[in-house]
Each structure stands twice: as structure tokens, then as C-alpha cells.
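One structure is given here, and the rest of the page talks about it.
Read the figures in this text as sums done on the coordinates, not as results from a lab. No experiment lies behind these values; they were computed from the predicted model shown. Here Cβ is always computed from backbone atoms with ideal geometry, including for glycine, and neighbour counts include all displayed protein chains.
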Amino acid sequence: MQQVGSLLRTAAAVPRALGAPASRRMQRGARALVVRAQQAGHAAAAPDEEKEEKQQGHQVPKNSAANLEAQDPEILAYREHQATAARITLAEEARTLVSLGKFGVLATQGRGELEGFPSGSVVEYAADEQGRPIFAFSTMSPHTADVKKEPRCSLTIMAQPFRGIADGRVNLLGRMKQITDEAEKAAAKQAYLQSHPNSFWVEFGDFSFFRLDEIVLARLVAGFARAGKVTAEEYAEAQPDPIAPFSAPVAGHMNDDHADATAAMIKHYVGITVSKATILNVDRLGMSVACDRGKDQLKVRLPFPRAATDRKSIKDLIVEMTRASAAAAGAAAGNGGDGNAASS
């Protein structure tokens, strides 16, 4: 293509270089040269365009877990295991994220000269027993006037801590409503202050309580390759996972003191060898674990043998799984083994 470009520039420059006295024959010849060069350029570009068309899509390494054609036995075992690994429902994950969260990004519809433009505000909220976010809005905040004019809005909540796009987030779409009933205002204030005890400004006269009263849809991204829509009915019928409040301390203890045991459990139960395993969260049915395998970064679901019911049961299950993994590794190496993860 560089040669064609040079040819075009040369052909175009010839008549100019000759000046006004240039013969018509020379000019006709130059124009013909330009046409042939353009045709050659199109012909040369065609193979590149075809090549570009064929290369659409992600070009993943041959033995990557993301490559659907990978034949690595461990990758095949990983895929087979993950296809049926026990998980809480998307509706439960959405309710859990909302119940644990305290802050979100409220998207409203602008007014006046900003009409038609979306507007985002970081806000505090507290969830009621039905999973509806409650807010304390000031009359001085633009989003307050926004939702009064147009109640349709959305709230985006991210898992805490949010480290990147492998972590969960949920977007609730609904209609905002100001709470005017005195009994409902008292209940909303109690729930809000329980979640935000230092928010003394709710006593100020320009603050009012609002609620995302009608949730029409929840869009959940629970991490890589796990996402979907949750209907209003599914969201209303689901409950937050009862184990979720213990997730952070359990995961933190395992990651700080027993990361090698987590990697051993991944090997024993999932069938894949990883160099690093970090527990992201824990629910009643198992753990979600971020793993490194060479240059690959995988998110692995590691189910419990049975559902956990409280914090003690989580510890008992992890100790059981750790010991089973250590015994299997010891047997494979020709000696015994015992696991002590989570027993301290």
C-alpha cells in the first residue's frame, strides 16, 4: 500500500511539475496512471479486509480457559465442574448486594437545559425488608428535583470492596417516591440511621425521605460470565443470603493465613492446578475464588458439600474440605496429609 500511495503522489505531481505548457497527452497519461494506481490500491486492500474480517472476536491463547477449543485435560475438568457448580440465584445475589451496600450511584433524568441528559449522583441508602432502597434527599440536591419531575431512575450498587469488573454489581431500575406517611417516615428513618448512624443531617428541615418504591427490573453482573436480568417478581420473592454478613471476615482469614489450602481445594474439588487462589466472597452454597494459572486469571466456583447455616458451619465445612484436599494430595504423593485451615 505504501508503493501505491507513492505512485499516486508521483502521478498527481507530474502535470503540476510540467506547468501550463504540458501537453494534453502527458496529462491524459497521468490521469490514466492515477486510475490504474487506484485500482491497484483497491486490489491490494481487499486481502487485508478479508483478513481483518476473519480475525473478528477475541484472540485467546490456545490453552487458555477462555479458549473453547482448548484440549488441556485440566481446562476440560474445570469447565465440566463449573457447569453444574452450586450457586445462589441471580435474584438472591441481587438482594444480597443491595442489603449489604450503603452507597450507590443514582442516575436521574436532567431538567431544563439538561433535559434528556442522564445525571449521576453518589448517594447513601439503606434497604428495607423488601429490598427497596431508602434515601434522605435535600431540597438543595439536583437529583431531588429530578426525581420529583421524573420519578423513573436507576441505582447502581457495587460489591464491597470493588476491585474491578470481576466483582459484582447490580443496577436497579424503578420509580422514586417521596415518603409522606408519618408511620412510614419513622420506619424509614430508623432503617436509614441503623445503616448510617452518623448521618445527623436527616434531622435538618430541608431533608426528606424517598424510596425506590417500584423496582421494575434488576440487571446483575455477578462477575465474569455470570450476568442476567432479574424481574420485579423474582426480586421481590428472593431474600438476601444469610451467610453474606460473614463473607468478608471468613474470606479475609483464609486469604491471609490459608491461601495454600484454598489452592489445594481448587485442585481436589475442581481438578485444576492454580498458583494463587483468593476467595472473593462466601455464601451459603460455597465460595467464589479468583485464581491464577500461568497467564490465565480464572474465577472459580467452589461449592460446599452442603449448605452452610451460620458462621460456625462455614468454618466446619472449610476444615472438612481442607482435610479432604490434603489427604488426597498426600495419597497422590505417596504419604499422608492433614489440613488445618480455618481451625485456628
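Students often get this wrong: which residues of the range 101-129 have the backbone nitrogen under 16 Å from the point 7 angstrom along Cα-to-C-beta of Ala248? Label zone hits: 101-104, 125-127. Its convex hull of Cα atoms gives the range 90-238 a direction-averaged projected area, equal to a quarter of the hull surface, of 9.1 nm².
For the peptides 191-201, 256-266, the ranking by packing is 256-266, 191-201, with the highest mean count of neighbouring Cβ atoms within 10 Å listed first. Looking at the range 106-161, the GluC sites (Glu not before Pro) that sit in a DSSP loop and have at most 10 other Cβ atoms within 10 Å of their own Cβ are Glu115, Glu129.
Summary of packing: across the peptides 79-89, 290-300, the per-residue average of other C-beta atoms within 10 Å ranks them, highest first, as 290-300, 79-89.
The relative contact order of the range 90-238, computed from alpha carbon pairs under 8 Å that lie at least 6 residues apart in sequence, is 29 percent. Quick one: grab the alpha carbon gyration tensor of the range 66-134, order the square roots of its eigenvalues as a ≥ b ≥ c, and give me rounded if a/c is under 1.5, else prolate or oblate depending on whether a/b is larger than b/c. Oblate. The Gln130 and Ala186 beta-carbon pair, evaluated with R₀ = 22 Å, returns a calculated FRET efficiency of approximately 0.85. Stretched out straight at 0.36 nm per residue, the stretch from Val319 to Arg111 would grow longer than its current Cα-Cα span by 69.2 nm.
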